1. Among residues belonging to the range 11-25 that are closer than 21 Å to M74 by Cβ and not small (G, A, S), point out the one that is most open to solvent (accessible area, probe 1.4 Å).
2. Only one of (1) touching a Ser or Thr at 6+ places or on another chain (Cβ under 9 Å); (2) open to solvent by less than 40 Å² (accessible area, probe 1.4 Å); (3) not polar (S, T, N, Q) fails for R105. Which number is that?
3. With respect to the numbered conditions (1) exposed (fewer than 13 other Cβ atoms within 10 Å of the Cβ); (2) out of contact with any Lys or Arg (no Cβ under 8 Å at 6 or more places or on another chain), which one is the sole condition not fulfilled by S82?
4. What are the pairs, 6+ residues apart or on separate chains, where a residue within the range 32-61 that is more than 19 Å from A8 (Cα to Cα) has its Cβ under 7 Å from a residue that is loosely packed, with under 10 Cβ neighbours inside 10 Å?
5. For residues that are in a loop (DSSP other than H, G, I, E, B), among the hydrophobic types (A, V, I, L, M, F, W, C) and farther than 16 Å from V81 by Cβ, tally how many sit in the range 9-25.
6. Which one of V28, V46, V59, V72 is more than 16 Å from R105 (Cβ to Cβ), open to solvent by 60 Å² or more (accessible area, probe 1.4 Å) and assigned to a strand (DSSP E or B)?
7. Within the range 7-19, can one find any residue that is in contact with a helix residue (DSSP H, G or I) (Cβ under 9 Å, 6 or more places away or on another chain) and free of Cβ contacts under 8 Å to residues at least 24 places away in the same chain?
8. Against the condition farther than 14 Å from R99 by Cα and either loosely packed, with under 11 Cβ neighbours inside 10 Å or at pLDDT below 90 (or both), how does R34 come out, does it pass?
Amino acid sequence: AGFLVSSAAPGAGGNAVFYGHHNIHGSVFRGLDRLQPGDVLSVRNVTESLDYVVEQVDVFEEHGLTASQKLVHMQYFAPTVSEQITLLTCWPFTGNSHRVAVVARPIE
């Protein structure tokens with residue numbers, strides 16, 4: 001997966017944004033669209049494993065939108081006050097007309 005370098009590091013507070021393909025180049029986010037609120041995700045770095053619970057899974061069209069509609073989707077990349085991770089990929093498996101965004105918060 002790719003990491004948006006302008007986003008927060010996992011575990012450091014704020015929005016840590018990761019993105020990856022779902023159907024090519026390793027398919028690192030294959031099945032991301034099947035996650036449900038309440039599912040648990042783990043992110044590992046060199047020193048620790050951090051656990052997050054999925055709060056929302058959004059699937060939305062990306063092609064043919066106005067600039068203002070695309071700006072709304074850019075909020076997934078925006079900094080946040082509270083810690084979260086955001087995972088993004090294209091959808092469906094046979095194309096890329098939509099996006100999947102998964103937002104998860106740390107497990108306390």
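The values are calculated or read from the model by the stated rules, or taken from the named source; none is laboratory data. Source: prediction; values computed, not measured. Here the Cβ positions follow ideal geometry from the backbone for every residue, glycine too, while neighbour counts run over all protein chains shown. Accessible surface is based on the protein model in full, side chains and every heavy atom, while ligands, DNA and RNA are left aside. Shrake-Rupley method; radii C 1.70, N 1.55, O 1.52, S 1.80 Å.
1. Taking the candidates together, the pick is Y19.
2. With respect to (1) touching a Ser or Thr at 6+ places or on another chain (Cβ under 9 Å); (2) open to solvent by less than 40 Å² (accessible area, probe 1.4 Å); (3) not polar (S, T, N, Q), R105 is out only on (2).
3. (2)
4. V57/Q36
5. Residues flagged as in a loop (DSSP other than H, G, I, E, B), among the hydrophobic types (A, V, I, L, M, F, W, C) and farther than 16 Å from V81 by Cβ within the range 9-25 amount to 1.
6. V59
7. no
8. The answer is no for R34.
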